[in-house]
Amino acid sequence: MKKFRKNDLSLHHYLRYNVLHEYIETDISVPLVYMPDISTTGSVVYEAQSTRYPSPVSLGRGWAYIDQYGDVTEQQNRVTVYDSVGSAISGTEYMIDYVDGRVITSGSVTPATVTCDYFYVSLVNEWQDVEAADVAVVVIDLNEFEKVPFQLGGGKRVPRKGYLHIFATNQAERDDLMELLYDGINEKCVPNQNWTRGSMLDWNGTWNDDYIYELIQYESSLHIENVRARHVTPPFINGIPRTDHTMLSDLNRYRARIDFEIFYWKEN
Amino acid sequence: MGHKLDRLRTSILLSRIIDNEVGIIVDDLMEKFDKEIIPFEDPEDPARPSLFRDEFRRFLERTTKDNITIKSSEVGSKTRREVSLEVIVGVGDESKMGFGEQLDEETTDGLKIIGTIIQGISGEWKMLSAEEAGEQVGRFGKLVIIPAIQYDKEAPKKGWPPKPIWKFSNFPGIPDFFDIDFSVVVDRITKNLAEALKK
């Protein structure tokens, strides 16, 4: 994994759990439906059928997989699976696909409902994902870097320009998100994780048992400075007459942008 | 009297230096415009950004000049007084480029197009002119963009021509477009002024 990707993942994790945790919501008693097409002997898959909008498992969202920021082990209190009589099933009886909102058992138990915490705000890395994600969406956009030598000594300062693009459902939500994110990153430090054995989730959305918390050696944490937040209204959007049809354009109507610089110190 | 003449001379020199500086800043921005916007335009688009290039340049020149302010103040003792200058540099009129929430009636279609491109826009869009619509479109301008789905739905009923998706749909914007190293600009102004005063 390249440094750029590691920085990106570290910032993503920080924003998700340390800043946007206020936007974690609970979906209660969601029916679990058996998925015969993707089940096999010994791997029985149930999918949560949430009626929430935006969908808890839409792009950039998913179920919460740690209890709180700083935890390095799988959550114990965020997701609870129940059987048909409403008794909680032990966590040792199933695995959870946090990305797609699924419960996978060996067939020894029959889950019926799930109560889970999920991320209301979608956090994505690609502008192209905004439309698919449904608002509220935050796009993390980290730009170019230039390794600049220390004035004295042999190390380097590695700065990057970054942007958070906020797409909200209304003015109040936009302003809340803008302030929350601004306060959450302004003059703050983010642990510069090495992600030595991959991210917290595996490729299939389940907890990565190999995950270890390790910082990159001989490099500082990620420092964020020069943070500036502004409302954004693409001029054309403001000119569109409001009709029922133009509700479609609301994706771009309540936007804000936070500009920042993120850097770390690196020893040679 | 001599002191006032000195200040007048400084002010004239500074004005010339700033005119020159505005040219340098605008050249840099227009270079970004040519490299980061023009290559993505649709040459068949009747409202493509290159058609508004000169208008955009004039807008940048005018608003950048308005955004460079010099504050002078006298410092020192009774026997020795010196003029201290503070140079504040800003670029463009941000409200017309989509920062903030006010749509200015003076924002032309060309500036709207370029502002929207710089800020980026999510989703697929089609562009419609008042001429094609046969009526006023939008709140102020002669052009609007409409979600592609809506356009295709309404076009047959309203007699709008078939159109391709606007080339700058789902465009991530150029958030660093106005990022200029202002410390370099201020250093240059200070250096040029010092040299001019020596002459």
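Each reported figure results from applying straightforward, stated rules to the coordinates on display, with no laboratory input. Here the structure is a predicted model, which is why all the values come from computation and not from measurement. Neighbour counts are summed over all protein chains in view; Cβ atoms, including those assigned to glycine, are modelled from backbone coordinates with ideal geometry.
Restricting attention to segment B:155-171, the residues that are assigned to a loop (DSSP other than H, G, I, E, B) and surrounded by fewer than 13 Cβ atoms within 10 Å (Cβ to Cβ) add up to 4. For segment B:168-182, a residue qualifies if it is at the interface with chain A (Cβ under 7 Å from one of its Cβ atoms) and at negative phi, and the qualifying residues are B:Pro172, B:Pro175, B:Asp176. Filtering segment B:131-148 for residues that are in contact (Cβ under 8 Å) with a residue 40 or more places away in the chain, away from every other protein chain (no Cβ under 11 Å) and in a loop (DSSP other than H, G, I, E, B) leaves an empty set. State yes or no: is A:Gly101 within 18 Å of A:Asp202 (Cα to Cα), among the small types (Gly, Ala, Ser), surrounded by 20 or more Cβ atoms within 10 Å (Cβ to Cβ) and within 14 Å of chain B (Cβ to nearest Cβ)? Against the criterion (within 18 Å of A:Asp202 (Cα to Cα), among the small types (Gly, Ala, Ser), surrounded by 20 or more Cβ atoms within 10 Å (Cβ to Cβ) and within 14 Å of chain B (Cβ to nearest Cβ)), A:Gly101 does not qualify. For segment A:215-238, a residue qualifies if it is at the interface with chain B (Cβ under 7 Å from one of its Cβ atoms) and assigned to a strand (DSSP E or B), and the qualifying residues are A:Arg230, A:His231, A:Val232. Checking segment A:63-86 against the condition returns no match, with no residue being within 23 Å of A:Val138 (Cβ to Cβ), within 14 Å of another protein chain (Cβ to nearest Cβ), under 17 Å from the mean Cα position of the chain (by Cα) and part of a strand (DSSP E or B).
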